[in-house]
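Worksheet: the structure to be examined is printed underneath.
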Amino acid sequence: MAKMATRGDKKEHTFEGLKKPLKWAAGLFAGALVAIALVFGGIWVFSVNTDNVFPINKVELKKHKFTHAVGVYEVLRSIDDRGFFTMDMQQVEERLVELPWIKSVQLRKVWPETLQVSVVEHQPMAYWGDKGIVSMEGEVFYPVTQPQGDWVKLSGPDALAKDLTELLQLYQQQLLEKNMIIDRMELSQRGAISLVLTDGLEVRLGNVHVEERIERFMQYIDSVKQQKEATLAYVDLRYQNGMAAQWLENETSVVSDGGSR
């Protein structure tokens with residue numbers, strides 16, 4: 001019996017010895033939880049500016065072809081609060097879509113200091129004037145520099161860009177029947193449309209009955225070209241029933257002239 005009592009005393013003594021370390025560890029863990037709760041509570045509840053604590057300093061730009069990383073980085077630098085937990089992602093998105101090529105973006109934060117930016121860019125259809133680009137959707141934007149591309153050159157009022165892109169596609173489809181490619185298309189201030197083909201031929205269509213004039217051009221252009229071996233400078237379809245043509249030798253003839261324009 002004495003021996004058993006001794007063993008019990010040893011166990012009790014052992015547990016008594018562990019109580020203090022366990023209490024200390026539990027207290028430390030609880031303190032850590034409180035500290036973390038205070039930090040994150042300050043971030044989310046009180047909107048503490050963590051720009052100097054957990055700043056986002058790096059940008060990873062993805063899925064881009066024309067967008068410049070420098071422009072994206074400058075947008076990020078313009079945000080006053082770049083804290084990892086407090087930065088206004090909607091504000092960042094709104095500023096990024098103001099950049100010329102960006103149609104939409106997806107943002108993702110990667111700990112500890114990186115912002116991943118995946119962009120959807122406007123798909124260019126043509127150059128617009130001297131400095132602009134018009135997209136497939138007819139939206140005009142002006143990049144800092146124009147990329148080199150095999151695109152048609154369009155010009156006209158910005159408000160009519162969508163209409164012009166639709167007309168361009170329609171006219172090009174018709175002209176392809178004779179292997180003609182549009183290089184430039186212009187809508188003048190008076191509403192007159194003119195085309196320049198890749199071989200340099202100018203086609204003056206005017207501002208009324210344009211569809212009929214395109215059909216007339218398709219009907220007569222082969223016979224007009226056969227009249228001379230010289231290169232055609234332009235054809236003018238701003239006539240009621242015919243067209244005027246001029247060659248590079250400055251000689252002019254009228255085909256099926258209906259009289260008035």
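Structure summary
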quantity	calculated
Viscosity 0.890 mPa s, 25 °C: Kirkwood-radius Stokes-Einstein D of region 58-121 over Cα pairs, µm²/s	211
Value of Rg/Rh across region 69-216 [Cα atoms, Kirkwood radius]	1.15
Derived scalar couplings ³J(HN,Hα) [region 180-192; Karplus, 6.51 cos²θ - 1.76 cosθ + 1.60; whole Hz; x for Gly, Pro]	9, 10, 7, 9, 9, 9, 10, 10, 6, 4, 8, x, 8
Residue-count net charge about Q174 - beta-carbon cut-off 10 Å; Lys, Arg +1, Asp, Glu -1	-2
For M218, net neighbour charge (Lys/Arg +1, Asp/Glu -1) across residues whose Cβ lies under 13 Å away	-1
Over 20 Å between alpha carbons, listed pairs K62/K109; K103/K162; K131/K178	K131/K178
Projected area averaged over orientations for region 191-231, convex hull of C-alpha atoms, nm²	3.1
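Read the figures in this text as sums done on the coordinates, not as results from a lab. Please read these numbers as outputs of a predicted model, since none were measured by experiment. Glycine gets a Cβ as well: all are built from the backbone with ideal geometry, and neighbour counts include every protein chain shown.
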